[in-house]
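A.B. asks: Questions regarding the structure given below will be posed in turn.
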Amino acid sequence: MRRLITALVAFGLLLPAQTAMAHLGPPATTVTYTTSDEVISNQERGFYHHAETHYYADNSGYVPLDVTKLRNFRTQEHITQILRLFYLEKFAKQDVIDQHYLDLMQADFNTARAAGVKMIVRFAYALPGDGWPPPTPYGDAPVSRVLKQIKQLTPILRANSDMIAVVQSGFIGLWGEGYYTDYFSDPADPSQVSDQNWADRKAVIDALLQALPKDKMVQVRTPYMKQRMYGVPTGTAGGLTAEQAYDGSAVARIGQHNDCFLASPDDFGTYLSDPLQLDKDFVAQDTNYVPEGGETCAVNPPRSEWPSASAEMAQLHFSFLNIEYHPDVLASWGDNITIAKQKLGYRFALTQSTVSQSHGKVQVKVQLRNDGWAAPYNPRQVQLVFQNSRHTYRVNVSGDPRRWGAGTTTTLNWNVKVPAGKYKVLLNIADPKLQSQARLPGSAETYNAVYAVQLANNGTWQPSTGYNDLQQTVTIR
């Protein structure tokens, strides 16, 4: 028997026990994490500040963004986005947008980039005049002019897509909300929208989708707009499926913004189905994969009070909400406003990780939970990071945070190879357009640290790098 074993070892068919154990490497280590209740300054989620600017016929009215103000939103209020509403009053009556206006827009994007915030972008031509209902003419532009101007805006939108969270459809009607309009419905009765009006509205949305990179989304003002223009039914059956999500089609790139959230049973005409619950069911399904956000606009108890409001924001996967309006609605939520700050959009928290190695490769298993009301709606790059005093290796791994749905736990398994050494193991959930370690202008912060995702755990965040420390160490020989 001894001769047989010796022969098997000699021919490499049987390894001595000591050699086999060494080849398998050290045992796996598992770490369990505790969650934090802090409000986190993660991007493309949470409350936003309203920031509109104008441009009148005499070239006055444009108020540039202020970098200090924006940076304070992020560092002092944990607010990482603004609704930048670009009013185009002068250009409602001329086809060509002044180069000076485009230069001012570019300066705003540069300011946002330096401050570490992003923009929800909307264009509009007109605000209401005195009196209600607003008098005609409303002051927006015909479809031919809108389409020409979207083409002029395309280069600046594409060049600054890293600073754009989402673009709202805008252009049509007062505030860019699509109702009180001179050209896209009957001005005397805005509820009367002809087939040609709907074709013109769709042309505007299609032009915006064409103007933006294919991974950027557009929001329309009501669910019926998406249903009517793109031929999908209301109710759960009309909402996006997991198979349709992120396939680049128009329906997969169109979400909704509700700017009269909680104001009445139908949110002042936001929901048009009979019964109203059908449109809410449509939005609830659709917003698993496209963004929902907006603002409250009227006190309407008990629906506008916290129990109802929070339940609807969870059901409809709200990613963002205006912090400034309606002040009385927000005030009625009291201290619960902190819960909204935590839960709007995504909120990822590690629950457990296991790290092992064999054959010179590292196996990492991570479980994380989404405690927010929505998933991210823009792409993210997931990376494992191996860090020591001399080297940092970032390895792209599989995983799409857009599919880490609200209220779910996701398990991720990776098998990677890195050079020999002893490393801390970290996780980076980076903005693919902003994962540079370069510093923001005028700041000690790096782009990755500001735009990467901070996990809602205790003792894991590296604010200098934007990495999340798995509190695991691995030695590779």
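A.B. asks: Among residues belonging to the stretch 405-442 that are buried (at least 16 other Cβ atoms within 10 Å of the Cβ) and among the hydroxyl-bearing types (Ser, Thr, Tyr), point out the one that is farthest from the chain's Cα centre (by Cα).
C.D. replies: Among those residues, the one meeting the criterion is Tyr423.
A.B. asks: Name the single residue that is farthest from the chain's Cα centre (by Cα) among those in the stretch 265-293 being buried (at least 18 other Cβ atoms within 10 Å of the Cβ) and aromatic (Phe, Trp, Tyr).
C.D. replies: Tyr271
A.B. asks: I need the full set of residues from the stretch 392-404 which are open to solvent by less than 50 Å² (accessible area, probe 1.4 Å) and assigned to a loop (DSSP other than H, G, I, E, B), in order please. So that I can check it myself, show each step before the final result.
C.D. replies: Of the stretch 392-404, the ones open to solvent by less than 50 Å² (accessible area, probe 1.4 Å) are 395, 397, 399-402, 404.
Answer for the stretch 392-404, where residues must be open to solvent by less than 50 Å² (accessible area, probe 1.4 Å) and assigned to a loop (DSSP other than H, G, I, E, B): Val397, Gly399, Asp400, Trp404.
A.B. asks: Same structure, new question: Looking at Asp189 and the list (1) open to solvent by 40 Å² or more (accessible area, probe 1.4 Å); (2) touching a strand residue (DSSP E or B) at 6+ places or on another chain (Cβ under 6 Å), which single condition is not satisfied?
C.D. replies: Tallying (1) open to solvent by 40 Å² or more (accessible area, probe 1.4 Å); (2) touching a strand residue (DSSP E or B) at 6+ places or on another chain (Cβ under 6 Å), Asp189 fails exactly one: (2).
A.B. asks: Right, another one. Among the residues of the stretch 336-356, which ones are without any contact (Cβ under 8 Å) to a residue 60 or more places away in the chain and more than 20 Å from Arg403 (Cβ to Cβ)? Quick ask: steps written out before the conclusion?
C.D. replies: Filtering the stretch 336-356 down to residues without any contact (Cβ under 8 Å) to a residue 60 or more places away in the chain leaves 336-337, 339, 343.
Within the stretch 336-356, Asn336, Ile337, Ile339 meet the criteria.
A.B. asks: Exactly one condition in (1) at pLDDT 95 or above; (2) more than 17 Å from the chain's Cα centre (by Cα); (3) open to solvent by less than 40 Å² (accessible area, probe 1.4 Å); (4) not basic (Lys, Arg) is false for Tyr346; which is it?
C.D. replies: Unmet for Tyr346, out of (1) at pLDDT 95 or above; (2) more than 17 Å from the chain's Cα centre (by Cα); (3) open to solvent by less than 40 Å² (accessible area, probe 1.4 Å); (4) not basic (Lys, Arg): (2).
A.B. asks: Mind listing whichever residues of the stretch 159-172 are over 15 Å from Phe123 (Cβ atoms) and either free of Cβ contacts under 8 Å to residues at least 60 places away in the same chain or more than 29 Å from the chain's Cα centre (by Cα) (or both)?
C.D. replies: If the condition is that a residue be over 15 Å from Phe123 (Cβ atoms) and either free of Cβ contacts under 8 Å to residues at least 60 places away in the same chain or more than 29 Å from the chain's Cα centre (by Cα) (or both), then Ala159, Met163 are the ones that fit.
A.B. asks: Something else: Among the numbered conditions (1) assigned to a helix (DSSP H, G or I); (2) in contact (Cβ under 8 Å) with a residue 60 or more places away in the chain; (3) over 15 Å from Gln219 (Cα atoms), tell me where Val283 comes up short.
C.D. replies: Tallying (1) assigned to a helix (DSSP H, G or I); (2) in contact (Cβ under 8 Å) with a residue 60 or more places away in the chain; (3) over 15 Å from Gln219 (Cα atoms), Val283 fails exactly one: (3).
A.B. asks: Okay, moving on. If I ask for residues that are open to solvent by less than 10 Å² (accessible area, probe 1.4 Å) and part of a loop (DSSP other than H, G, I, E, B), which ones from the stretch 135-168 would you list?
C.D. replies: Asp140, Ala141, Asn160
A.B. asks: Does Tyr183 satisfy being part of a loop (DSSP other than H, G, I, E, B), at negative phi and touching a residue at least 60 places away in the same chain (Cβ under 8 Å)? Talk me through it step by step, then tell me what you get.
C.D. replies: On the way: part of a loop (DSSP other than H, G, I, E, B): yes; at negative phi: yes; touching a residue at least 60 places away in the same chain (Cβ under 8 Å): no.
Criteria not met by Tyr183.
A.B. asks: Among the candidates Asp200, Asp195, Asp206, which residue alone is within 23 Å of Ala245 (Cβ to Cβ), open to solvent by 10 Å² or more (accessible area, probe 1.4 Å) and not aromatic (Phe, Trp, Tyr)?
C.D. replies: Details: Asp200 fails: within 23 Å of Ala245 (Cβ to Cβ); Asp195 fails: within 23 Å of Ala245 (Cβ to Cβ).
Just a single option satisfies the conditions, and that option is Asp206.
A.B. asks: Still on this structure, I have one more. Suppose we filter Ser353, Ser389, Ser332 for residues that are touching a Leu at 6+ places or on another chain (Cβ under 6 Å) and either surrounded by fewer than 16 Cβ atoms within 10 Å (Cβ to Cβ) or of a type outside the set (Asp, Glu) (or both); which single one remains? Give the derivation first.
C.D. replies: Working: Ser389 fails: touching a Leu at 6+ places or on another chain (Cβ under 6 Å); Ser332 fails: touching a Leu at 6+ places or on another chain (Cβ under 6 Å).
Criteria check complete, one pass: Ser353.
A.B. asks: If you don't mind, another one. Can you tell me which residue within the stretch 217-251, out of those that are farther than 19 Å from Ala203 by Cβ and assigned to a helix (DSSP H, G or I), is nearest to the chain's Cα centre (by Cα)?
C.D. replies: Going through the qualifying residues, I end up with Pro223.
A.B. asks: Scan the stretch 357-386 for residues that are open to solvent by 30 Å² or more (accessible area, probe 1.4 Å), assigned to a strand (DSSP E or B) and under 30 Å from Met217 (Cα atoms) and jot them down.
C.D. replies: Residues satisfying the conditions are Gln367, Arg369, Gln381.
A.B. asks: Would it be correct to say that His326 is more than 16 Å from His78 (Cα to Cα) and either among the polar types (S, T, N, Q) or exposed (fewer than 15 other Cβ atoms within 10 Å of the Cβ) (or both)? Step through it out loud before you land on a result.
C.D. replies: Working: more than 16 Å from His78 (Cα to Cα): yes; either among the polar types (S, T, N, Q) or exposed (fewer than 15 other Cβ atoms within 10 Å of the Cβ) (or both): no.
Here the answer is no, as His326 does not meet what is asked.
A.B. asks: Further, regarding this structure: I'd like to verify a number: residues in the stretch 255-264 that are under 25 Å from the mean Cα position of the chain (by Cα) and of a type in the set (Gly, Ala, Ser), how many?
C.D. replies: Step one: filter the stretch 255-264 for residues under 25 Å from the mean Cα position of the chain (by Cα), giving 255-263.
Right, trim to of a type in the set (Gly, Ala, Ser) and you get 255, 263.
Here the count works out to 2.
A.B. asks: Another one. Output the residues belonging to the stretch 451-466 that are open to solvent by less than 10 Å² (accessible area, probe 1.4 Å), of a type outside the set (Gly, Ala, Ser) and under 21 Å from the mean Cα position of the chain (by Cα).
C.D. replies: We begin by selecting, within the stretch 451-466, every residue open to solvent by less than 10 Å² (accessible area, probe 1.4 Å); these are 451-453, 455-457, 460, 466.
Subsequent filtering for residues that are of a type outside the set (Gly, Ala, Ser) retains 451, 453, 455, 457, 460.
Answer for the stretch 451-466, where residues must be open to solvent by less than 10 Å² (accessible area, probe 1.4 Å), of a type outside the set (Gly, Ala, Ser) and under 21 Å from the mean Cα position of the chain (by Cα): Tyr451, Val453, Leu455, Asn457.
A.B. asks: Take the residues in the stretch 60-82 that are in contact with an Asp or Glu (Cβ under 8 Å, 6 or more places away or on another chain) and open to solvent by less than 50 Å² (accessible area, probe 1.4 Å), then tell me which one is farthest from Ala126 (Cα to Cα). Write out each step before concluding.
C.D. replies: Within the stretch 60-82, the first condition is being in contact with an Asp or Glu (Cβ under 8 Å, 6 or more places away or on another chain), and the residues that meet it are 61, 64-65, 80-81.
From what is left, the residues that are open to solvent by less than 50 Å² (accessible area, probe 1.4 Å) are 61, 65, 80-81.
Numbers: Gly61: 13, Leu65: 20, Thr80: 27, Gln81: 23 Å.
That would be Thr80.
A.B. asks: For the stretch 321-335, what are the residues that are hydrophobic (A, V, I, L, M, F, W, C) and in contact (Cβ under 8 Å) with a residue 12 or more places away in the chain? Steps first, answer last, please.
C.D. replies: Applying the first criterion (hydrophobic (A, V, I, L, M, F, W, C)) to the stretch 321-335 yields 321, 323, 329-331, 333.
Leu321, Ile323, Val329, Leu330, Trp333, listed by residue number.
The values are calculated or read from the model by the stated rules, or taken from the named source; none is laboratory data. Small disclaimer: the values here were computed from a predicted structure and weren't measured. For neighbour counting, all protein chains shown are included, and Cβ atoms are generated from backbone atoms with ideal geometry for every residue, glycine included. Quick note on the areas: whole protein, heavy atoms, side chains included, nothing else; ligands and nucleic acids left out. Shrake-Rupley method; radii C 1.70, N 1.55, O 1.52, S 1.80 Å.
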